[in-house]
Every structure is written in C-alpha cells, then in structure tokens.
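Reviewing the structure listed below.
The values are calculated or read from the model by the stated rules, or taken from the named source; none is laboratory data. Note that the structure is a prediction, hence the values are computed from the model and not measured. Heads up, the Cβs are rebuilt from the backbone with ideal geometry, glycines too, and the neighbour counts pull from every protein chain shown.
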Amino acid sequence: MSVTRRDTCDAGNDFDDGSMGARISAVFVVFALSAFGAFMPIVAKNAPCLRIPAWFFFIVRYFGTGVIVATGFIHLLAEAEEQLGDDCLGGIFSEYPWPDGIALMGVFVMFFLDVYAHKRFESKMRKQADPDACDEQQGEREEADRQNKFHCNESTHDLESDAASKDSNPNMTLEMINSFILEFGIVFHSVFVGLSLAIAGDEFKTLYVAISFHQMFEGLGLGSRFATTQWPRKKSYIPWVLALAYSLVTPLAIAVGLGVRKSYPPGSRTSRIVTGVFDSLCGGILIYNSLVELMANDFLHSSNFKNDRNHVRVLSALVCLTLGAFAMALIGKWA
C-alpha cells in the first residue's frame, strides 16, 4: 500500500491591507537607506572637495568587511537552514543538511575559480616581465629596422603605455572580480529580502525597521569595497553602476511583492526551496569571499599593516571588523 505525502507547507500569506501606506513607503525608505550606504564611500572617495580624512575610509573599509562576513553566516546561511529545514518539505530535505551542502558547493566553485584566475594572471605577469622575450623581440626588430630598438627600452615608454600597463595590472583585475562576486551574492539575497518585507504579516513593523538598517549596513559594506578597489580609468563608472543596482533591487522586489501580495505564498514548498537554495549558494560564495579575499587578504597577505610596529592600526582594524560583524549579526535577530 503506497502512501502519498500531503504538502503541509503554508500556501498563503499574512498580508494585512491595513498597513498598505507603510508598505508603499518602504519602497522609498529602503531605497534611500540602501543608496546612502552604497554611495557614501564612493562619493567621499571621488569628491576631493569634501576633504574626507583617511581614517574615515579606514573605518568604513573594515567595518564593511565585518558586515559582509556576518551577512554570509547570519543572513544567508541561517535563513537557508530555516527555509530548507522546515518539516513541511520532508523527503530528501529531511534526510540531509542541504543548506550546508549547497553552501559547500559554492565555496568550492569560488575556490576553483579563484585558483584559475590567480594562475592565469601569474602566467600573464611572467610573460610581461620575461626579459628574454623582450630581448628576442628587440633582436628581431633590429634585424628588420634599427630604428625600432626603443620598443623594449623602458626609458622611452610614453605616458599612454604607462597608463595601459597600470590598467592591465592583474591585482586590479582580481579586485574587480571580487567586487562583482560580492555584488552577485548580496543582490540575489536582496530580492528575497524585499519580497519578505512586502508580504509580511504582524511582524511587518519590526521587519521594516530591521531591514532598513540591514540594507544600509550591507550597502556600506559593498560601497566601502567599491570605493577602495582600484578601477581602470576607462571603467571608473562601474562602482557607481554596482551601487545603483544594489540600491534598486530591494525596493523593486518590495514593489513586486506588493503587486503579487494576494497570490505570492512565501511559505509554500516551491518558495521555500527556491529561497533556500539561492540563499545557501550565495551564502557559500559570500563566506568564501569575505574570509579569503577580504579578511585574509587584508590582514595576512597585503602590506596594509607592514609598518605598524605598535600594532595600533591592525588592532583598530580588528575592532572595526568586529563592530561591523556584531551590528549585522544583531540585526539578524529581527531580519
């Protein structure tokens, strides 16, 4: 005798039309706070007339790193475990810790891509710095035309070639890739944040306040990275575009959620699976990126604290990092 399992997931939502005005205001409030957090470091960096002191960028950079670390663990992985761990899903979801498994897949995918990118750029740097290759080119050119000897001579490089060399710096490219990855992980998560706020029930007011701070701190984390990343001159517009995209995603998701408020079931089986899988994957990506590319790179592999004999700078950075993680983890109690 076969038994068909009934879907016990909630197929409705607790939307309350009485708070429609507040929900509509959330579109604009969340946009304003998201934009403030994301654009503030970029504007400060690109507006010399503001005379923003260096310590401001120092604090924002490491506070933002802490925010991103906490986002991966508290706001993505924990949310994924709540969605995919619900008893109503049953089946394979009750037999294996899928949120952790999918996050692990995300970590390994990021690691493989990271290794590939580093090896590729190391190879590129070796080719550019290989003097034998330069001598060979010079020899061939001397055979063809004695006047072209200067091609491999550093003293005759013009400003244009220097700029091109600077723009093709592998470290710059890696920093750009890291920024895109951070944007990808956080933006996907922001879609579900906006939908959940739009159709929230009795907890709407608490969620409204929590998500407003959540978006501002998250934007600050992204914006600080965009502002401190070296961008090629021809691509200096990219951080502005990324900040704008982040600022718009959650408000648009709120607007969409309000539009489908009568039909969107956040607790349904399909919604839980989709949200849980994306949160798990994005959580793994953010956890890897924040621990390896941000924390380890800043504190262990870079020269940021090379001359810090009294350890004042590194201790200050660790305090900022901890405060950022604490603030975002605390918000996780409500959002």
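Remarks
- When segment 289-316 is filtered for residues that are surrounded by 13 or more Cβ atoms within 10 Å (Cβ to Cβ) and under 25 Å from Ala103 (Cβ atoms), the ones remaining, listed by number, are Asn289, Ser290, Leu291, Val292, Glu293, Leu294, Met295, Asn297, Asp298, Phe299.
- Any hit, segment 160-175, residues being modelled with pLDDT of 85 or more and out of contact with any Lys or Arg (no Cβ under 9 Å at 6 or more places or on another chain): no
- Residues in segment 28-71 that are over 14 Å from the mean Cα position of the chain (by Cα) and closer than 19 Å to Ala253 by Cβ: 8 in all.
- Within the set Ala255, Ala243, Ala227, the sole residue that is in contact with a Lys or Arg (Cβ under 7 Å, 6 or more places away or on another chain), more than 16 Å from His189 (Cβ to Cβ) and surrounded by 14 or more Cβ atoms within 10 Å (Cβ to Cβ) turns out to be Ala227.
- Residue that is surrounded by the fewest Cβ atoms within 10 Å (Cβ to Cβ), among those in segment 78-109 that are part of a helix (DSSP H, G or I) and among the acidic types (Asp, Glu): Glu82
- Hits in segment 24-55 - residues which are modelled with pLDDT under 90, in a helix (DSSP H, G or I) and farther than 16 Å from Gly219 by Cβ: Asn46, Pro48, Cys49, Leu50, Ala54, Trp55
- Looking across segment 244-292 at every residue that is of a type in the set (Lys, Arg) and in a helix (DSSP H, G or I), the one that is nearest to Ile177 (Cα to Cα) is identified as Arg272.
- Residues of segment 317-333 that turn out to be surrounded by fewer than 16 Cβ atoms within 10 Å (Cβ to Cβ) and closer than 14 Å to Ile59 by Cβ, as a count: 4
Each row is one residue, and each column tells you yes or no for (1) touching a helix residue (DSSP H, G or I) at 6+ places or on another chain (Cβ under 6 Å); (2) farther than 19 Å from Glu218 by Cβ; (3) in contact (Cβ under 8 Å) with a residue 60 or more places away in the chain.
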position: Tyr246; (1), (2), (3): yes, no, yes
position: Ile254; (1), (2), (3): yes, no, yes
position: Lys262; (1), (2), (3): no, yes, yes
position: Phe299; (1), (2), (3): no, yes, no
position: Arg309; (1), (2), (3): no, yes, no
position: Met328; (1), (2), (3): yes, no, yes
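- Filter pass, Glu143 being modelled with pLDDT of 55 or more, assigned to a helix (DSSP H, G or I) and loosely packed, with under 12 Cβ neighbours inside 10 Å: no
- Filter result (modelled with pLDDT of 90 or more and either part of a helix (DSSP H, G or I) or within 17 Å of Phe184 (Cβ to Cβ) (or both)) within segment 230-240: Ile238, Pro239, Trp240
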